[in-house]
1. State the antiparallel share, in %, of DSSP beta bridges confined to chain A, rounding to the nearest 5.
2. Under a 10 Å cutoff between Cα atoms, tell me which one of A:Ala234, A:Ala106, A:Ala305 has the largest fluctuation in the Gaussian network model of chain A.
3. Could the peptides B:431-437, A:285-291 be put in order, highest first, of the mean number of other beta-carbon atoms found within 10 Å of their residues?
4. Leaving out same-chain residues fewer than 8 places away, which aspartates and glutamates sit with a Cα under 14 Å from that of B:Lys383?
5. If I model the range A:115-261 as equal point scatterers sitting on the Cα atoms and use the Debye formula, what is log10 I(q)/I(0) at q = 0.13, 0.18 Å⁻¹?
6. At 222 nm, what helix-only mean residue ellipticity would chain A give, in deg cm²/dmol to the nearest 500, using -39500 (n - 2.57) for each DSSP H run of four or more?
7. Report the antiparallel proportion of the DSSP beta bridges in the protein assembly as shown as a percent, rounded to a multiple of 5.
8. Angle between the Cα long axis of helix A:292-304 and the longest principal axis of chain A, 0 to 90 degrees, nearest 10?
Amino acid sequence: MTNLLWLQAGSCGGCTMSVLDHGARGWVRELQNFGINLLWHPSLSEESGEEAIAILDDVAAGRTPLDFLCIEGSILRGPNGTGLYNRLAGTGRTMLSWVRELAPLADHCIAVGTCAAYGGVHAAQPDPAEASGLQYEGSILGGVLGPDFRARSGLPVINVAGCAPHPGWIMETLAALQMGDFDESDLDRLGRPKFFAKTLAHHGCERNEYYEFKASAEKLSDLGCLMEHLGCKATQAVGDCNQRSWNGGGSCTHGGFSCVACTSPAFEQTEDFLKTPKVGGIPVGLPLDMPKAWFVALAALSKSATPDRVRQNATSDRVVRDPRRGGHDE
Amino acid sequence: MTRVIAGPFNRVEGDLEVALDIQDGVIARAEVTTTLYRGFEQLLSGRPGLDALVIAPRICGICSVSQSIAAAAALRNLAGGLAAPNGYVAANIAHAAENIADHLTHFYLFFMPDFARAEYARRSWFEQAATRFKAVSGSGSAAFLPRRRRLLEVMGIIAGKWPHSLAFQPGGTTRAIDVGERVQLAAILGELQVFLEETVFGVSLDEILAMETPAELSSYAERARGDFPFFLTIAADLGLESMGRGPGPLLSFGAYHDANGSFFERGVASAGGALAPLDVAAISEDATCAWFAPTSADPALAETLPEAEKENAYSWAKAPRLSGRPAEVGAAARLAVSGHPLVAALIAEGGATSVRTRIVARLLEAAILVHASQGWCRQLRLKEEFCAHFALPDDAAAAGLVEAARGALGHWVGLSEGRISHYQIIAPTTWNFSPRDAAGVPGPLESALSGLDTGGLGAKSAALQHVIRSFDPCMVCTAH
Ligand code: SF4
Ligand code: SF4
C-alpha cells in the first residue's frame, strides 16, 4: 500500500468537499481500489490530538514512508514571514514549517486546488496573510518550496488547480501517479496535469454556437455567450469543465455565469469579474491563441450571419425560438 | 490543576485547538483557539460591490452557498431590490441541499466515528458502532457518500457547480429551470427521501415530521431500526442528554427567505423556551481576547486588523455577543426559535441544549428540508423569470442575515463610490466558539466544556470529542 497524507493549510476545505464527491462507494474506498492508503486526513480520520501528531512525527522522522503529500490551501507566511497566521493546532508549529519539513520527504507532492498551487483567493490584494502557493506565487516560479524543489520522485509540485478543483481532477491525478504512468511531460508549463489542462474551459460550452455568431448575453441569466459583456474568461483558462461536467451535468457557464478562470494563477486579482474589460468596444482578453485582427474580422463576419434563432435566444433566459429550416424569419 | 493543549481536532472543518485546565479529571476551564486567519474582510475592501459574490463564498467550501446567499442578500438590501420569486425558491432548494448534505456529512463522517473508539470497547453497542461508523472503514460512510454525491447534483442543475458558484445573485439565480430539470430535481429528492427512510430513520418521513414529544422520540428509538435510532440508543446509554450543556440564549436569523419572510423564523429563544424577537442592533463583537486591534463593537462599523503579538489574546476569532451575552446558534437554535415542539421540549426538559439535542435537531432538520424542498420544487413557476436585474447604489450600507447549516451568518456591507468600503462577517462558529469577552465571559463551547468529566483521559476522552463535534464547528468560517 501507498501512503497518502493530506493536510489543510490556508484553505476553505472546499477541495476536500469536492473530492468527497468521487467514488461509487466513497472516495476512501476509491483510493483503496488503487492501492492508496489514507494515512491521515483532517476531515476523515479517527485519530485526533496526540494520536494525529504521532502520525505526523512518524512521517517526519522517516519511520513511516510518505508516498503522497497532498496540501490543500495557501501557505500563509504572515505576519512578516513568521507563518503565525496558520498554526497546525496542537503542535505549536506553523503550517509553513510543517510543509517545508514534510514536502522533501514525499515521493510526490501535490498542490490540491489553486490556493496550494498559486496562492489562490487569499493572495488577492492587499494579500493580508502573505499567501503563497507551494511552488508558485501567482505565475512566478518559487513559492514556499523554491523553484528547484523536487519531490523524491524527481517531479516538481503537481498543481491540481481549480477553485475548487473538479473531483475527477484530484482523484485521477492521484491514481495516475500511483499507476506510474505519469512524468513531467504530462504537466503543462504551470505544473498542471495536462489530462484536464490540455483544453480550454470554453471547449464544449453549450454556448459555443452563440460564441461562433458573437450572439452575446447582455445580462446574467441570458443564454448567449458570456464573453463579450459578462466577463467570461473560459477562452483563456484551461480546464475540461464543459466536457466532463460538474455535479452530474453542470458547469459555470451551464449554470448561467461566467468562467472566472479559477484554474489560472492570479485569477483572484481580477476586478469586476462579471464585466468584460474593453478597449474601443473590443474585449481586452481575447482567446489565448487568436490574433486580435482575426478576432475582430471574424466577429464582424459572424455577427452578420447570425440566424434569428440564435440572436433572439441569446438575450432570453430560455429558448424562445426553436430550430427550424432556414434559421431566418420567413 | 494540569493544563493541556488539545488539538488538532480533526473531523471538524479547519483547525481547532483547545487549552484545558483539568482538576481531578474534570475540566475547570477551557479556552478555544481558532488557529487560522486569512483576512477576508481586507480582501473584500476596496473592490467593486459585486465582487463579493466571487470572494465571499470562498470563505468556506462546506457552506459556500450560505456565504453566497448572505453576500447576495446584503447586496440586494443595499439596493433595496427584490429577487425574482423563482430566484428565492431555487436558491432555497440549493441551499437546503447543501445544508442536508452538511448535516448528514457531520453525522456519518465527523460525529459518529467517535463511538467506534477503543474507549467504548466494553459497551453493548460497540461492535455495531465499529462496523457501521469506524472512521474511514465503516459501512455507514460507504452507504452515505454516494447519496451525498447524488444529492449534490441539485447544484449541477441550479448552481452550475459546487462549491463556489456564482449562480446566487442579488436578483435571484442565473439559470432558468425547465420542465425536464424540475423532474430531475424531484427525482433526486425522492431518492434522498428513500435513503433517509430506509437507512437513517428506519420509518417514514411523515412519522419523523409528526414527532412532538420526548416520549414519542423514546418509543421511536426503541422500535425503529436505522442509524438515527441507533444513535439515540447510544445517547441514552452515555447520558448525552446532559453532556455539553449550552449556556443559552439561542439565536436564529431565520432561514430560507423569500420576499415575505422566512421558512424558519428569526428570533431568540431562552433555554426555558421563551421566544423573543431579535434586535439586530443588539449584536456586537468584542475583540479583547482576539489577536485583533481594538475596534468598534458594532459590526456595521468595525474593522478586523490582525495584531499577532497582543497580550492575553488567544484566538483569531472575535467574541460575538447579543445584548452583551454569548448566544448559541445552529440547528437546535433554529428549530427552537421556529417553535419545533420536540426540539423545544428536549431543551426545556434539560434546561439547556446538549450533545443529544444538537444531533437530534440536525437530523430532524434534514427530514424537514427534504419535505420542504419537494414543495419548493413544485412552487417554481417555470414560465417566469429566475433573475431580476437592478443596479447597486454607489453609497449605501446594509446587512445580509441568513442561516448556514451551523447557524446564524451575517455579512455587514458598506459601499462608497461603488466600492466596498466596509465588510464584516460574523459566522456561526464565531458565535459558538467565541473566546472570552472584556468581562471574562466565556463563549458557548467554553462554557459547555467546563465541568465535563474526562474520566481521567484528559484530552483523549471521547466525551471531549462529542461535546466539541456536537456543535459541528467550522473553523475556516470562524475567523475567515
Ligand atoms: S460563455 Fe464562455 S465558455 Fe461559453 S462559449 Fe462563451 S466564452 Fe466560451
Ligand atoms: S469554468 Fe472556469 S471558473 Fe468555472 S470551474 Fe472551470 S475554470 Fe473554474
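1. Percent antiparallel among DSSP bridges in chain A is about 40.
2. Of the options given, A:Ala305 has the highest mean-square fluctuation.
3. Highest to lowest by the protection proxy: B:431-437, A:285-291.
4. A:Asp317, B:Asp178, B:Glu181
5. At q = 0.13, 0.18 Å⁻¹ the computed log10 ratios are -0.66, -1.07.
6. Mean residue ellipticity, 222 nm, calculated: -7000 deg cm²/dmol.
7. Numbers: 62 of 84 bridges.
For the protein assembly as shown, the DSSP antiparallel bridge percentage is about 75.
8. Approximately 50 degrees, to the nearest 10.
Read-outs throughout are calculated quantities, based only on the coordinates presented, and are distinct from any laboratory measurement. In this text the structure is predicted, and so the values were computed from the model without any measurement. Cβ sites come from the backbone with ideal geometry, for glycine too, and all protein chains shown count toward neighbours.
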